[in-house]
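See below for the structure under consideration.
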Amino acid sequence: MKRIYINSVGSVSAQKTYENSNFLEEVEYYNANVIKVIDPNYKDYIPPAAARRMAKGIKMSTVSSRTALEEAGLENVDAIMVGTGLGCIGDSAKFVGDIIDNNEQFLTPTRFIQSSHNTVSGQIALAIGCKGYNFTYVNASVSFESCLIDAILQLRNDEAKNILVGGVDEIADHHVKSHQLIQHIKQEAVAAKDLLSSNTKGCVSAEGSNFFVLSDKEQASTYAELVAVKTFNTLTKERLETVAEHFLSDQGLSASEIDMVILGNNGDVDFDGYYNILSEGLFSNTSQLYYKHLSGEFDTAASFGFWLGSKILKSQSIPEAVKLNSIAPDSMKTVLLYNQYRGENHTLILLRRC
């Protein structure tokens, strides 16, 4: 079966990740229930006049996608796939507000045009002149993983050679307020280092943009091999270990052969129990890592975990800030990522060192 390679990465997050030379050497530990990205100097990537009209998600994605393309040595790609849970929700809220404030009259179309979910992928395509396959997945917390599955299928069927894949979500005040009301976001600020012991409902909400160039050809910039991706809309705690074992056995591996497992713990007392099943059971003797105390939670937060796994395999180093236990891996060859959100949309991703 044809192998799939992660040839480059680009990230704009709540950490200083927009420069690929930095791998969490300097970590920002927040004390909040909502965190925003550390903005790069957008003027270095986007003309100021254009940036003023761009939604936050578009600006983040412009930087992270361009970083990924430059590292891969590409000016264009065969396909673009973007996953997003909320799209440019900020402009959507502003447009609805303008309708109300202006009594449905004298509305400018800019915010409406830029409020659709596929605006990000469209803007990237326009910027680089890509006329190929362009698709946006809006599948809640498996939006990014849906892109990965599509990319794997296209690369293995020789429908593309280089594919730009990304996950992006931005923060909007209305979304934050409504999700705090239903306790999906924590009511009080939480220190990042105390996130997993907060013992409260909800998560720390955030935003971010992470892009990758996937290819069927390995090159000097390659980070890792993307071996497999699998998603499950519903999965009981009783079946979780069995499903993980079957996923690995399909790739000819056992749990003991996994060097590191990256878990998506977000501090929600009602749902972090899923991760505990793996950390205390199947992978109790495996090096365990986590990342949402650094990135926060959003629909495509798994793309930050994907970035983390890719960087670890290429650099052969694990930042202290992401260690969940004290077990040091004997080698750094295989990484398993597991994520879920509120007990639904479970995903397993397997990465391997090249």
- Query: Would you call Phe283 closer than 20 Å to Thr84 by Cα, at pLDDT 95 or above and among the aromatic types (Phe, Trp, Tyr)?
  - Reply: no
- Note on the structure: Here the residues within the range 290-344 that are among the hydroxyl-bearing types (Ser, Thr, Tyr) and under 16 Å from the mean Cα position of the chain (by Cα) are Tyr290, Tyr291, Ser295, Thr300, Ser303, Ser310, Tyr338, Tyr341
- Inspect the range 262-274 for any residue being under 15 Å from Ser11 (Cβ atoms) and out of contact with any helix residue (DSSP H, G or I) (no Cβ under 8 Å at 6 or more places or on another chain) and give the result as yes or no. no
- Complete set of residues in the range 256-303 that are closer than 27 Å to Glu207 by Cβ and of a type in the set (Val, Ile, Thr): Val261, Ile262, Val269, Thr300
- Message: I'd like the full set of residues that are within 30 Å of Ser8 (Cβ to Cβ), surrounded by fewer than 19 Cβ atoms within 10 Å (Cβ to Cβ) and not small (Gly, Ala, Ser), limited to the range 232-258.
- Response: Phe232, Asp250, Gln251, Leu253, Glu257
- Task: Would you be able to say whether some residue in the range 315-324 is surrounded by fewer than 16 Cβ atoms within 10 Å (Cβ to Cβ), at pLDDT 95 or above and either part of a strand (DSSP E or B) or in contact with a Cys (Cβ under 7 Å, 6 or more places away or on another chain) (or both)?
- Result: yes
- Item | Filtered residues of the range 39-63 (kept if assigned to a helix (DSSP H, G or I) and over 14 Å from Val168 (Cβ atoms)) | Tyr42, Lys43, Asp44, Pro48, Ala49, Ala50, Ala51
- When residues of the range 52-68 are limited to those that are small (Gly, Ala, Ser) and within 17 Å of Leu214 (Cα to Cα), the one surrounded by the fewest Cβ atoms within 10 Å (Cβ to Cβ): Ala68
- Task: Kindly check whether there is at least one residue in the range 32-43 that is farther than 27 Å from Lys193 by Cα, in the same structural domain as Gly73 (by TED's automatic domain parsing) and among the charged types (D, E, K, R).
- Result: yes
- Output for Cβ contacts, cut-off 6 Å, separation at least six or different chains, first residue part of a loop (DSSP other than H, G, I, E, B) in the range 155-173, second buried (at least 24 other Cβ atoms within 10 Å of the Cβ) and not aliphatic (A, V, I, L, M), reads Glu170/Gly57; Glu170/Glu207; Ile171/Glu207
- Selection within the range 1-26 - surrounded by 15 or more Cβ atoms within 10 Å (Cβ to Cβ) and either part of a strand (DSSP E or B) or over 17 Å from the mean Cα position of the chain (by Cα) (or both): Arg3, Ile4, Tyr5, Ile6, Asn7, Ser8, Val9, Gly10, Ser11, Val12
- Pull up the range 90-149, narrow it to residues that are among the polar types (S, T, N, Q) and surrounded by fewer than 16 Cβ atoms within 10 Å (Cβ to Cβ), then point me to the one that is modelled with the lowest pLDDT. Thr110
- Task: Kindly check whether there is at least one residue in the range 294-301 that is of a type in the set (Val, Ile, Thr) and not in a strand (DSSP E or B).
- Result: yes
- Message: Which condition from (1) hydrophobic (A, V, I, L, M, F, W, C); (2) in contact with a Cys (Cβ under 8 Å, 6 or more places away or on another chain); (3) not assigned by TED's automatic domain parsing to the domain that holds Asn20 is the one that Phe232 breaks?
- Response: (2)
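The values are calculated or read from the model by the stated rules, or taken from the named source; none is laboratory data. This structure is a prediction, so every number in the text was calculated from the model and none was measured. Quick reminder, even Gly has a Cβ in these numbers, built from the backbone with ideal geometry, and neighbours come from all protein chains shown.
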